[in-house]
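Let me begin by presenting the structure, written as structure tokens, before commenting on it.
The values are calculated or read from the model by the stated rules, or taken from the named source; none is laboratory data. Small disclaimer: the values here were computed from a predicted structure and weren't measured. Heads up, the Cβs are rebuilt from the backbone with ideal geometry, glycines too, and the neighbour counts pull from every protein chain shown.
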Amino acid sequence: MTVNTVIYTFVSALLTLFPVINPLSQGLLLSSYIEEFDNQHLKIAARKIFFNCLLICLGSILLGHLILLLFGLAVPVIQVGGGIIICKTGYDMLMASNVSRSSTDVPVDMNAFNMRLFYPLSFPIGVGPGAISVIFTLMATIPDDVDFLTTVLHYLLMVAAILLLLFLLYLVLLNGSRMMKKIGESASMILNKMIAFLTFCIGIQILVTGIAKIFNLTVL
């Protein structure tokens, strides 16, 4: 592969994955779940979410097709199921009370919170069925007539794009609460509700896309 091809492949993967991972909006959304933590526990939670999301992406690359074949699942079905879960997450946030939380008043129970770090925070909020389906799509776009080393390079560039996006997500997780505090409580509440509504809409989009693929429909 030439340098231009390497750059094009990396940028294409980055731009394709950015809308579905979206480190800014997803990071702010996840920050609302961990904003009551002190700095030490916030870093632990952010790091675990980062590695959970990374493992989901790497698992999708390495074992995705095998898992789909093993359980007889299709990507559109995963999109439908994940879309429903994301809709529920967004709806719960929209309906949640706006009582502010303080890290000095709320004791941190990491054992209880660890159960939520993978679901729903890492999956499907951090990395959801939309990202998994895009990863599958990127894998399918790798030409069949290239040699083994070129194929490996395609996968490595895809992993590099994922790492960059997840690192940005990690940075937003660490600074999301401070960003919210700087803009004020009212503005923070409005932004949280907007993000929750957009999350609900993203869930509907993924759900509709999955249904359209199942029934071979052309929508939107």
Next on the checklist: It is to be established whether one or more residues within segment 63-73 are assigned to a helix (DSSP H, G or I) and touching a Pro at 6+ places or on another chain (Cβ under 6 Å).
Outcome noted: no
Checklist entry - in a loop (DSSP other than H, G, I, E, B), under 30 Å from Ile183 (Cα atoms) and touching a helix residue (DSSP H, G or I) at 6+ places or on another chain (Cβ under 6 Å) - does that describe any residue in segment 4-16? => result no
Item to check | Filter pass, Leu165 being within 13 Å of Cys57 (Cα to Cα), modelled with pLDDT under 85 and assigned to a helix (DSSP H, G or I) | outcome: no
Item to check | Options Pro129, Pro120; residue that is under 28 Å from Asn39 (Cβ atoms), in contact with a helix residue (DSSP H, G or I) (Cβ under 6 Å, 6 or more places away or on another chain) and modelled with pLDDT of 75 or more | outcome: Pro120
Next on the checklist: So in segment 133-163, with the set limited to residues that are hydrophobic (A, V, I, L, M, F, W, C) and under 13 Å from the mean Cα position of the chain (by Cα), which one is nearest to Phe51 (Cα to Cα)?
Outcome noted: Leu163
Checklist entry - For residues in segment 34-61 being in contact with a Phe, Trp or Tyr (Cβ under 9 Å, 6 or more places away or on another chain) and aromatic (Phe, Trp, Tyr), which is nearest to Ala187 (Cα to Cα)? => result Phe37
Next on the checklist: Condition first: assigned to a helix (DSSP H, G or I), within 25 Å of Thr89 (Cα to Cα), in contact with a Lys or Arg (Cβ under 8 Å, 6 or more places away or on another chain) and of a type outside the set (Lys, Arg). Can you find one or more residues in segment 175-182 that meet it?
Outcome noted: no
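Let's see how each residue does on (1) among the aliphatic types (A, V, I, L, M); (2) more than 22 Å from Leu163 (Cβ to Cβ); (3) free of Cβ contacts under 8 Å to residues at least 60 places away in the same chain:
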site: Thr16; (1), (2), (3): no, no, no
site: Pro23; (1), (2), (3): no, no, no
site: Ser31; (1), (2), (3): no, no, no
site: Asp38; (1), (2), (3): no, yes, no
site: Lys43; (1), (2), (3): no, no, no
site: Lys48; (1), (2), (3): no, no, no
site: Leu66; (1), (2), (3): yes, yes, yes
site: Gly72; (1), (2), (3): no, yes, yes
Checklist entry - Would it be correct to say that Phe148 is more than 20 Å from Phe18 (Cβ to Cβ), modelled with pLDDT of 80 or more and not aliphatic (A, V, I, L, M)? => result yes
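Quick grid of which residues meet (1) surrounded by 15 or more Cβ atoms within 10 Å (Cβ to Cβ); (2) farther than 21 Å from Gly210 by Cβ; (3) modelled with pLDDT of 75 or more; (4) not aliphatic (A, V, I, L, M):
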position: Cys57; (1), (2), (3), (4): yes, no, yes, yes
position: Ile61; (1), (2), (3), (4): yes, no, yes, no
position: His65; (1), (2), (3), (4): no, no, no, yes
position: Met95; (1), (2), (3), (4): no, yes, yes, no
position: Asp144; (1), (2), (3), (4): no, yes, no, yes
Next on the checklist: I want to confirm something. Restricting to segment 183-220 and keeping residues that are assigned to a helix (DSSP H, G or I) and among the polar types (S, T, N, Q), which single residue is farthest from Pro19 (Cα to Cα)?
Outcome noted: Ser186
